[in-house]
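First comes the structure, then the notes that go with it.
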Amino acid sequence: SIPLGYFGGIGAASRKGILFKGSSYLDQITRVTTVIFDKTGTLTKGVFSVQGEESVATADPDWKMLAISLESKSNHPIAAALVRQVGKAPETVSALQEHAGQGLSGTVSHKAVLVGNRALLERMQVQNLPAASPSDRTLVHVAVEGNYCGYFALADELKPDAQKAFSELQKLGISETGILSGDRQEIVQALGKELGASQAIGGLLPEEKSSWLENAKKKPGRVLAFVGDGINDAPALAVADIGIAMGGLGSDLAIETADVVIQTDHPSRVALAIRIGKTTKKIVW
Ligand code: ADP
Ligand code: MG
């Protein structure tokens, strides 16, 4: 039978918007040694804004319109920002393909168009990719008919609560913290440094996030929590010892897959969930 105290713990958590999908997770969360966060939408707001653009001399003159036509078919927050700020494009798209964690490809006005990160354009063997680009922005590169055209530079804002998430975990004695992201390594590393994360890894495909966790889990004594919000995070949420979904604007799949759901957009509630677990344990025993 479930000790009565656990109901108190689950109730206290739910009043803070923390939903445990069973009393066993309230117990399990007290053993967590390592907390790994997804970046976009979990630590950052996931609301991008377009900061600028750059085109090369040999660009197709219509590259922006062609790129926006593809992006208008995507649900990604980057796509939403581009469509909102650069404008809608009425061009018909065919052969659309979403490359999860990388971008999009398709045919627009009889031209083959690629929109996404450097890894996608490299994989599709686009020539003349620029060697250096501004380090503090998420870049969306565009190629038309295999020719590099230019990029849009976007920025996302840190949630005001993100710093607190890391400092509260520190107070609880959890010194292993990390950030995994599909965004550029430079951006992810700078964020990790700012927040005091012990690990920060960028440039990961969705399946690379879960295999990274799979591997990290193997260390004896380590109990791993992963915190994420997106459809892309479902595999990582499933692999972690405890999967925690940010449910505020999180995807249904992430919420379904998780063991614990935080119904607000405060990542620091992860630390609060651990604290409530620990307090409950003291009462139960
Ligand atoms: P995160 O791991 O930070 O949640 P994603 O896995 O969703 O990020 O995306 C990783 C990267 O893939 C983005 O930073 C972007 O460069 C690229 N990308 C994904 N979807 C799109 C899109 N629709 N348009 C342009 N770029 C995209
Ligand atoms: Mg995310």
Fill in the blank from the handout: Picking from Thr58, Thr42, the residue that is touching a residue at least 60 places away in the same chain (Cβ under 8 Å) and either basic (Lys, Arg) or within 16 Å of ligand 2 (Cβ to nearest atom) (or both) would be Thr42
Handout entry: Number of the condition not met by Lys88 [criteria: (1) farther than 27 Å from Glu157 by Cβ; (2) out of contact with any Gly (no Cβ under 6 Å at 6 or more places or on another chain); (3) of a type outside the set (Gly, Ala, Ser)]
Key = (1)
Problem - Failed criterion for Ala79 (all others in (1) touching a residue at least 60 places away in the same chain (Cβ under 8 Å); (2) within 16 Å of ligand 2 (Cβ to nearest atom); (3) out of contact with any Phe, Trp or Tyr (no Cβ under 6 Å at 6 or more places or on another chain); (4) outside any loop (DSSP other than H, G, I, E, B) hold) - result: (1)
Practice task
Can you tell me which residue within segment 31-63, out of those that are surrounded by fewer than 19 Cβ atoms within 10 Å (Cβ to Cβ) and of a type in the set (S, T, N, Q), is farthest from Gly247 (Cα to Cα)?
Solution key: Thr58
Completion exercise
Exactly one of Gly178, Gly182, Gly173, Gly192 is assigned by TED's automatic domain parsing to the domain that holds Ile242, within 15 Å of ligand 1 (Cβ to nearest atom) and assigned to a loop (DSSP other than H, G, I, E, B), and that one is Gly182
Practice task
Mind telling me which of the residues Gly196, Gly178, Gly146, Gly150 ends up being touching a strand residue (DSSP E or B) at 6+ places or on another chain (Cβ under 9 Å) and within 16 Å of Gly41 (Cα to Cα)?
Solution key: Gly178
Exercise for the section: Would you point out the residue of segment 65-74, among those that are away from ligand 2 (no atom under 16 Å from the Cβ) and assigned to a loop (DSSP other than H, G, I, E, B), that is surrounded by the fewest Cβ atoms within 10 Å (Cβ to Cβ)? Expected result: Lys73
Fill in the blank from the handout: Per the filter on segment 246-285, residues in a strand (DSSP E or B) and either more than 13 Å from the chain's Cα centre (by Cα) or outside the structural domain of Trp212 (by TED's automatic domain parsing) (or both) are Val260, Val261, Ile262
Practice task
Quick one: count up the residues across segment 38-64 that are more than 13 Å from ligand 1 (Cβ to nearest atom), touching a helix residue (DSSP H, G or I) at 6+ places or on another chain (Cβ under 9 Å) and not in a loop (DSSP other than H, G, I, E, B).
Solution key: 4
Problem - Among residues of segment 102-143, those that are in a loop (DSSP other than H, G, I, E, B) and either within 8 Å of ligand 1 (Cβ to nearest atom) or not assigned by TED's automatic domain parsing to the domain that holds Glu71 (or both), counted - result: 2
Practice task
For segment 84-101, indicate whether the set of residues that are assigned to a helix (DSSP H, G or I), touching a strand residue (DSSP E or B) at 6+ places or on another chain (Cβ under 9 Å) and either within 16 Å of ligand 2 (Cβ to nearest atom) or of a type outside the set (Lys, Arg) (or both) is non-empty.
Solution key: yes
Practice task
Take segment 203-245 and flag every residue that is within 13 Å of ligand 2 (Cβ to nearest atom), outside any helix (DSSP H, G or I) and in contact with a Gly (Cβ under 7 Å, 6 or more places away or on another chain).
Solution key: Leu204, Phe226, Asp229, Gly230, Ala245
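The values are calculated or read from the model by the stated rules, or taken from the named source; none is laboratory data. Keep in mind the model is a prediction, meaning the values are calculated, not measured. Here the Cβ is made from the backbone with ideal geometry for all residues, glycine too, and neighbour counts use every protein chain on show.
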